[in-house]
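Values quoted throughout were computed directly from the atomic coordinates according to the rules given, and no laboratory measurement underlies them. Quick caveat: nothing in here was measured; it's all calculated off a predicted structure. Glycine gets a Cβ as well: all are built from the backbone with ideal geometry, and neighbour counts include every protein chain shown.
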Amino acid sequence: MRAEIQTIVADIEKSLDLLAQRMNWETAEFRLEEFNARVEDPNLWDDPAAAQKLMRDRQSLVDAIDTYKAIKQDLDDSVELIELGEMEEDEEVVADAEETLKALKEKAAKKELEALLDGETDPNDAFLEIKAGAGGTEACDWASMLARMYVRWAESRGFTVDLQEEQAGAEAGIKSATYQIKGHNAYGWLKSESGTHRLVRISPFGKGTRETSFAAVGAYPVIDDNIEIEVNPADIRIDTYRSSGAGGQHVNTTDSAVRITHEPTGIVVTSSEKSQHQNRDIAMKALKSRLYQLELDRRNAEVNALHEAKGDAGWGNQIRSYVMQPYQMVKDLRTNHETADTKGVLDGDLDGFMAATLAMKVAGKSRADAQGED
């Protein structure tokens, strides 16, 4: 095989090695048999939280095994075709197999990154909060653009998106919105989006001037029932109010929306579904998610200030810049990953940015682990 093809094969094999290490391939089949035996236990659902965790862990292992086998089989088939094509001097067969290998390399690299989402809550659903920052109406419009971007990203992955709360801007856009994103690894991917997002563009509101707007994004894991987060009733204030949607139109005719304020931390969560009881449950889950994330931040060396909801979104804590005038550029300020395809990004093409951030954090963790071993 040509050197270029051998390099591609070596890259795919490297990804396969990492996938095998992450799932502990030598014991994977045995562990799956154990999962299957436990799933058949007639008393499994006596403890719904434990059952759900078991089913999720089992599905994660099934997906990991199937992914590894599929990539390996495709690799073996493509290599065999190339060797056969070279033997018979059939350049068309070799070219087709090489294109297959290139696509397989991208797929393997993507799965390799996904395998690195091994944090305790990475597989969980996520709460996603978007808040307009400095910039008035411009910022509210920018916040609504970000909301659309994340909804499109989530839907492109087959995730379910539930709007939990939204506060309309005075003239346009939104002051804030909270979504629950449901899907495997939703939090693992979205956690890299927490921070301040800056937009530079010509104002669309008749000013004709170049404007800079800010919005804050926060992602928090939806906490499973098996993770206990204690909330002292004396530490919270629960308010009910009438929910309203965009343009001031009332969604509910009763005071069913719920706002919970955690006094010690200043964390405020809201939910505006139709049922007040449902809103209390959703808001409490959101509060526990925020408190859990706050505790994780305290343990980690890299503390994300946004998670503590301090201050307005502005020049500080920026993670990404979106420039639409005088040129087109979206650039992540942590990884330097960038693209001129601003339309694609605002339509939800965020995988490149998320992958770059994840790879950076994994590399940093690996260096820290290595230093710890010295």
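Return the loop-located GluC sites (Glu not before Pro) in the stretch 94-188 (DSSP other than H, G, I, E, B) with at most 13 other Cβ atoms within 10 Å of their own Cβ; answer none if there are none. Mind dumping the intermediate values first?
Values: sites: Glu98, Glu99, Glu106, Glu112, Glu114, Glu120, Glu129, Glu138, Glu155, Glu165, Glu166, Glu171; in loops: Glu120, Glu171.
For GluC sites (Glu not before Pro) across the stretch 94-188 that sit outside H, G, I, E and B with at most 13 neighbouring Cβ atoms in 10 Å, the list reads Glu120, Glu171.
What number comes out for the charge environment of Thr342, summing +1 per Lys or Arg and -1 per Asp or Glu over other residues with Cβ under 11 Å away?
Working: positive: Arg201, Lys331, Lys343; negative: Glu338, Asp341, Asp347, Asp349.
Its environment carries a net charge of -1.
How compact is the stretch 3-115 by the rule of thumb for globular proteins, expressed as Cα Rg over 2.2 N^0.38 Å? Write out the running numbers ahead of the final one.
On the way: Rg = 18.6 Å, N = 113, 2.2 N^0.38 = 13.3 Å.
Cα-based Rg divided by the globular estimate yields 1.40.
Quickly estimate the mean residue ellipticity at 222 nm for the chain, helices only: each DSSP H run with n ≥ 4 gives -39500 (n - 2.57), and the total goes over all residues, rounded to 500. It would help to have the intermediate numbers written out before the result.
Working: 9 runs with 179 residues, N = 374.
So the calculated ellipticity at 222 nm is -16500 deg cm²/dmol.
Amide H to amide H under 5 Å from Gln164: which residues, 5+ apart in sequence or cross-chain, H placed 1.01 Å off N in plane?
Those lying under 5 Å, H to H, from Gln164 are Thr178, Tyr179, Gln180.
Please figure out what share of the DSSP beta bridges in the chain is antiparallel and state it in percent, rounded to the nearest 5. Please report the intermediate quantities before stating the final value.
On the way: 47 of 52 bridges.
That works out to approximately 90 percent antiparallel.
Do me a favour and compute the ellipsoid semi-axes for the chain from its Cα gyration tensor, root of five times each eigenvalue, largest one first, whole Å.
On the way: eigenvalues 323, 170, 71 Å².
Whole-Å semi-axes of the equivalent ellipsoid: 40, 29, 19.
Quick one: which residues, 5 or more positions from Glu211 or on another chain, have an amide H under 5 Å from its amide H? H modelled 1.01 Å from N in the peptide plane, none for Pro or chain starts.
Arg201, Ile202, Ser203
Name the residue, out of His197, His184, His337, whose mean-square fluctuation peaks in a Gaussian network model built on the chain with Cα pairs under 10 Å.
Fluctuation is largest for His337.
Between Tyr241 and Glu295, what length comes free when the chain is fully extended (0.36 nm per residue of separation minus the Cα-Cα distance, one decimal in nm)?
Between Tyr241 and Glu295, full extension yields 16.5 nm more.
GNM on the chain, C-alpha springs below 10 Å: top fluctuator among Gly133, Gly208, Gly169?
Residue with maximal mean-square fluctuation among Gly133, Gly208, Gly169: Gly208.
Which of the pairs Lys182/Lys331; Lys110/Lys343; Lys14/Lys131; Lys53/Lys191 have their Cα atoms more than 30 Å apart in this structure? Walk me through the numbers before you get to the answer.
Values: Lys182/Lys331 27 Å; Lys110/Lys343 23 Å; Lys14/Lys131 41 Å; Lys53/Lys191 21 Å.
Flagged as over cut-off: Lys14/Lys131.
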